[in-house]
Amino acid sequence: MEIFGIWLAAFLTLSIYSFLYRDNPFYRFAEYLFIGISVGYYIVIYIHQGFIPFAWEPFWAAVKPFWPGIPREAGWIGLIKLIPIALGLLFFGGLSPRHTWLIRYPSAVLVGFGSGISIPLMLQTFIFEQTRGTVEPFAAINAGTLSPWGIIEAVLMLIGVACTLTYFFFSVEHRGPVKWLSKVGIAFLMIGFGAAFGNTVMGRVALLIQRVDFLLNDWIGMIIGWLGTIF
Amino acid sequence: MLDKLMNMDRRIVFILVALAVIIPTKLRVNLPISVSEPTQKLYDYIDNLEADSTIMIAFNYGPAGLPELHPMGRAVLKQCFDKDVRVIGVTLAPDAPTLANTLMEEIAQESGAVAGKDYVFLGYRPGGSLVMLGMGTSIASVFENDYNGTALAEIPIMENITNYDQISLLVDFASGNTTEGWINYANTQYNLQIASGVTGVIIAQMYPFLQTGQLVGLIAGIAGAAEYERLIDAPAKGMQWINIESFVHLLIVGLVILGNIAFFIRNRQEE
């Protein structure tokens, strides 16, 4: 079974890479197979990890006491579990143009809960903490505890933040000093994008290396070993 | 000549890249690896933990993130098991459970760690931020069983673990933006210490959190994995692949320089 798996993986890898030459049936077969398997896998996972434990089981637990022939152990209170399930079902209103308005109710609950939980935390995480991180080194400079390189870093960071924010400040026309500040901001943005692009290249090349490593060592290595046992 | 260079068939570049990967793979080149500060910080943090401390590892990646994140996951797990630090594995990615469980079992077997006592894998739960917030109150309210279906109450490692208060560190191996979620919902809300190992695509997004201390350490892509392997003195795929990667980077830099030279020469000729 393992040998079959290696051969299949090698065939599919080569089929996908064959697109680098030109589009072809092998590539399309591998692509459609990947999409089909992915969709099937995700549906099964979501049914088993999402629908059954969070919708079906609570639903069954709520209605079970009212099923004919089953003693009523739990009271009406168990039916409260049906409220979130019913709200979730309202999303299916989107399937019918006449009932699309039903989506507003679960959406309102989601947005309300999400905003209530996330907004204070996001302000703290992404605004207050980042502002502290930008200005805190200046307290260390004032206390004389920052190294010369640390001072350069702190000043550069403050310039970068101020200029980049200026670039995105559209309430003032970008003329005179504002224009120059925003140009410096663009330079910082480009450096940031360059770093992100370089890291992305590193990540993508790592994917290629892993596949080549598999083809050379696992697949061809297996074939060589197999030939070695014959001759 | 210039026109030929500017209109070069892209498939020639593909062949050059393939050669830049295949030749070093067979030659087994060993280039020096220096350890960056963010990787060192994570290593030191785990190294300074007392034996029997518990950390949580979130394996938030599927097969596409495997080449970069598996080597770093392997290295961090090995360091934890060698130091008798207990590990609770979780995932928020639906395609991660099998990968994560197999990796934990493999490293545990190599290090002699015992399932249920030294480590446990709780599996996947949908919900993202709700899972992160829920575990801050009670891990058992989110994960009633582990990946194999054993009730949490019956697992020795979970005996004294209720929520994040008993977890010394969370390491998120991520190919998406889950680290920002952990910082937002677990660090800011519950003061849980967070570290991260990420794919190359999102490294740049993580640096602001290092500077503020919201991340205690960062393993950045395959380069970070190689650095970590060097720190724990266990060379594996990370160190092997980063050597190959260096050759491809050299080729890409060369091609970029060549393309720019040709571009500027042609511009000058047109003027």
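In this entry, segment B:94-163 is assigned a mean projected area of 4.7 nm², taken as a quarter of its C-alpha convex hull surface.
Close amide H pairs (under 5 Å, H built 1.01 Å from N) link B:ALA195 with B:LEU170, B:VAL171, B:ASP172, B:VAL216, residues at least 5 positions away or on another chain. Exposed loop sites, defined as trypsin sites (Lys or Arg not before Pro) outside DSSP H, G, I, E and B with at most 15 other Cβ atoms within 10 Å, are absent from the longest region of chain A, namely A:73-174.
Taking every DSSP bridge with both residues inside chain B, close to 5 percent are antiparallel. Please work out the ratio of the alpha-carbon Rg of chain A to 2.2 N^0.38 Å and round it to two decimals. Here the Cα radius of gyration is 1.69 times the empirical estimate. Axis angle, to the nearest 10 degrees, between helix B:37-47 and the longest C-alpha principal axis of chain B: 20 degrees. Shape descriptor for the protein assembly as shown: Rg over Rh equals 1.01 (Cα atoms; Rh from the Kirkwood inverse mean 1/r). Farthest towards the positive end of the charge dipole of the protein assembly as shown, among the residues B:TYR207, A:ILE141, A:LEU110, is the Cα of A:LEU110, using unit charges on the Cβ of Lys, Arg, Asp and Glu. Working from Cα positions, state the angle (0 to 90°, nearest 10) between the long axis of helix B:66-82 and the longest principal axis of chain B. That helix lies at roughly 40 degrees to the long axis.
Say the cut-off is 20 Å between C-alpha atoms; which of B:LYS41/B:LYS117; B:LYS83/B:LYS117; B:LYS83/B:LYS237; B:LYS4/B:LYS26 go over it?
Where the Cα-Cα span goes over 20 Å, the pairs concerned are B:LYS41/B:LYS117; B:LYS83/B:LYS237; B:LYS4/B:LYS26.
What are the membrane-span-like helices in chain A by this rule: whole DSSP H runs, Cα extent along the axis at least 27 Å, mean Kyte-Doolittle hydropathy at least 0.0? Passing helices, by number: A:25-46, A:148-167, A:177-213.
Across segment B:16-33, coupling constants 3J(HN,Hα) worked out from phi with the 6.51/-1.76/1.60 Karplus curve, θ = phi - 60°, read 4, 5, 4, 5, 5, 8, 5, 4, x, 4, 7, 7, 6, 6, 10, 9, x, 10 Hz, and Gly and Pro carry x. The residue list A:VAL205, A:THR229, A:GLY185 was ranked by how far each Cα lies along the charge dipole of segment A:147-231 toward its positive end, using unit charges on Cβ atoms, and A:GLY185 comes out on top.
With Rh defined as the Kirkwood radius, the inverse of the mean 1/r over Cα pairs, the Rg/Rh of segment B:1-87 is 1.20.
Find the Rg to Rh ratio for segment B:128-268, where Rh is the Kirkwood radius over alpha-carbon pairs and Rg uses the same atoms.
For segment B:128-268, the value is 1.16.
Over the protein assembly as shown, DSSP H runs of length four or greater, each weighted -39,500 (n - 2.57), average out per residue to a 222 nm ellipticity of -19000 deg cm²/dmol.
Of all beta bridges that DSSP places with both ends in the protein assembly as shown, some 5 percent have antiparallel geometry.
Annotation for segment A:127-201: GluC sites (Glu not before Pro) lying in DSSP loop with at most 15 further Cβ atoms inside 10 Å of their Cβ are A:GLU173. Across segment B:1-43, the volume of the C-alpha convex hull divided among the residues equals 162 Å³ per residue.
The alpha carbons of segment A:147-231 occupy a box of 80, 35, 13 Å along the principal axes, longest dimension given first. Loop sites here are trypsin sites (Lys or Arg not before Pro) outside DSSP states H, G, I, E and B with no more than 13 other Cβ atoms within 10 Å. The longest part of chain B free of them is B:118-271. Projecting the Cα positions of B:LEU250, B:LEU133, B:MET104 onto the charge dipole of chain B (unit charges on Cβ atoms of Lys, Arg, Asp and Glu, taken about the Cα centre) puts B:LEU250 furthest along the positive direction.
The GluC sites (Glu not before Pro) of segment B:148-225 that meet both conditions, a loop assignment by DSSP and at most 16 other Cβ atoms within 10 Å of the site Cβ, are B:GLU159. Decide, for segment B:37-235, between rounded, prolate and oblate: order the square roots of the alpha carbon gyration tensor eigenvalues as a ≥ b ≥ c, take rounded if a/c falls under 1.5, and otherwise choose prolate if a/b is larger than b/c, else oblate. Rounded, because the longest to shortest axis ratio a/c is under 1.5. With the convex hull drawn around the C-alpha atoms of segment B:185-239, the volume per residue stands at 87 Å³.
What net charge do the residues around A:TRP219 carry, taking every other residue with its C-beta under 11 Å from that of A:TRP219, with Lys and Arg at +1 and Asp and Glu at -1?
Around A:TRP219, the surrounding residues sum to -1.
Seen from B:LYS41, the other residues with C-beta closer than 14 Å to its C-beta sum to a net charge of -4, counting Lys and Arg as +1 and Asp and Glu as -1. Among residues other than A:TYR21 with Cβ under 11 Å from its Cβ, the summed charge is +1 (Lys and Arg +1, Asp and Glu -1).
For segment A:9-81, chymotrypsin sites (Phe, Trp or Tyr not before Pro) are listed when DSSP marks them as loop and at most 14 other Cβ atoms sit within 10 Å of their Cβ; the list is A:TYR21.
Listed values for segment B:136-147 are Karplus-derived 3J(HN,Hα) couplings in whole Hz (6.51 cos²θ - 1.76 cosθ + 1.60, θ = phi - 60°), namely x, 8, 7, 5, 5, 6, 9, 10, 6, 10, 8, 4, and x replaces Gly and Pro.
Any read-out appearing in this document is the output of simple, stated calculations on the displayed coordinates, not a laboratory observation. Keep in mind it's a predicted model, so treat the numbers as computed, not measured. Here the Cβ is made from the backbone with ideal geometry for all residues, glycine too, and neighbour counts use every protein chain on show.
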